[in-house]
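The values are calculated or read from the model by the stated rules, or taken from the named source; none is laboratory data. Quick caveat, the model's predicted, so the values are computed rather than measured. In this analysis, Cβ positions are derived from the backbone assuming ideal geometry, glycine residues included, and neighbour counts consider all displayed protein chains.
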Amino acid sequence: MKPLHWDAINPLTGQPFKWGDLNLRWGNPSYYLEPGDPGFVPYGPAPPPPAPHKPFHRSHKNQPASDGQTSNTQNIMSTFKYHVVPKSGGGFTTRPVLGAEFSDAAIDAAVAAATGVSASQCAAVLNGYFTQFLAQAAGCGWSHDFHGLFSVRPVSGGSATLPDAFNNAAEIKAGVSLSLSPLVLDPWKATLSIQSLGQVGLVTPHVDSIINLHDGSEDTYTAGEIIQLSGDHLAFDKTDTTQGVFYATAAAPGTKVHLASYGPISPTEINAIMPAGVTGALTITVVTKVSGTLRSTTYVHPIT
């Protein structure tokens, strides 16, 4: 036996190893059997070349496929596009940006071109395999590495208050899981370039107005008095000095000073006390923590 590597050539046939080869053993590491090894299956004569068939030509962009849908096989992207989204427990994850949905006919035609089998036969074989997977899973049969491509496993779940409260397949959420093998996924990942299309789903604080409660005027403040900020997602932890209301002067716009004293705070309102001795036009920024991350907004008008 010898180690098996991706794209390795079978020394007995002179051809690349293929999925379903009875002499392949998948694992960590994977290897192949040689003559004399227990379990080795001799290779028969080389199969005759396939009968000539009409070459498959990819359709031009936006040309309807045979089932009336737009064929997208010619537009398979090697750039994996994604959005960055916040996680509810803090931090971030990503979500793929879906492209056009491919049609059954387009995939059947592509497989037919690659295998020399008719498109209708490809579809029939696919349906036959999935019928067998369901039949096997019905008796809790499974495969850890079907033809080196994927695993097939029965799964269940459900929720109940008592251990004997599960009465049918729907209540235990019986199902079948298919998971692609790392031997398939890892080489595929290596071919991809990635592109972020930015962050979505972000909840941030927003300030609609600032009122000087000393005299009721808008977009003004009085040193030592309360200003009231109204908007959305404004609640924060007063004990956390990274959150709250900050001001910056025109002379030092990059230096934000934290306001230390507050009155009542709610998601739609902040009452903050301006410190004594502050003068001039100020830029106001509000920082809150949402889903474990600090998020900020700067009021559109300076207050004076």
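Of all residues in segment 230-264, none satisfies the criterion of being loosely packed, with under 12 Cβ neighbours inside 10 Å and touching a Pro at 6+ places or on another chain (Cβ under 6 Å). Listed by first and then second residue, the pairs linking a residue in segment 219-244 that is on the phi > 0 side of the Ramachandran plot to a residue that is of a type in the set (Gly, Ala, Ser) and part of a loop (DSSP other than H, G, I, E, B), with Cβ atoms under 7 Å apart and 6 or more places separating them unless they lie on different chains, are 224/276.
This table checks each residue for (1) of a type in the set (Val, Ile, Thr); (2) assigned by TED's automatic domain parsing to the domain that holds residue 134; (3) out of contact with any strand residue (DSSP E or B) (no Cβ under 6 Å at 6 or more places or on another chain).
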site: 167; (1), (2), (3): no, no, yes
site: 170; (1), (2), (3): no, no, yes
site: 175; (1), (2), (3): no, no, no
site: 178; (1), (2), (3): no, no, no
site: 189; (1), (2), (3): no, yes, yes
site: 192; (1), (2), (3): no, yes, no
site: 195; (1), (2), (3): no, yes, no
site: 210; (1), (2), (3): yes, no, no
site: 213; (1), (2), (3): no, no, no
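Just to be sure, is residue 162 surrounded by 11 or more Cβ atoms within 10 Å (Cβ to Cβ) and among the aliphatic types (A, V, I, L, M)? Against the criterion (surrounded by 11 or more Cβ atoms within 10 Å (Cβ to Cβ) and among the aliphatic types (A, V, I, L, M)), residue 162 does not qualify.
Would you say residue 192 is within 22 Å of the chain's Cα centre (by Cα), over 30 Å from residue 274 (Cβ atoms) and in contact (Cβ under 8 Å) with a residue 60 or more places away in the chain? Answer is yes for this residue. If only residues of segment 238-276 that are aliphatic (A, V, I, L, M) and under 40 Å from the mean Cα position of the chain (by Cα) are counted, the one that is nearest to residue 293 (Cα to Cα) is 245.
Considering segment 291-301, the residues that are buried (at least 17 other Cβ atoms within 10 Å of the Cβ) and not charged (D, E, K, R) include one that is nearest to the chain's Cα centre (by Cα), namely 297. The strands (runs of 3 or more DSSP E) found entirely in segment 47-158 that carry 1 or more residues being under 30 Å from residue 174 (Cα atoms), modelled with pLDDT of 90 or more and of a type in the set (Gly, Ala, Ser) are 143-146, 150-155. Just one of 125, 111, 117 is at negative phi, free of Cβ contacts under 8 Å to residues at least 12 places away in the same chain and in contact with a helix residue (DSSP H, G or I) (Cβ under 7 Å, 6 or more places away or on another chain); which is it? Being at negative phi, free of Cβ contacts under 8 Å to residues at least 12 places away in the same chain and in contact with a helix residue (DSSP H, G or I) (Cβ under 7 Å, 6 or more places away or on another chain) holds for just one of 125, 111, 117, which is 111. The residue pairs whose first member lies in segment 128-148 and is free of Cβ contacts under 8 Å to residues at least 40 places away in the same chain, whose second member is among the β-branched types (Val, Ile, Thr) and surrounded by 15 or more Cβ atoms within 10 Å (Cβ to Cβ), and whose beta carbons are closer than 6 Å, counting only pairs six or more residues apart or on different chains, are 137/176; 142/152; 143/152; 146/152.
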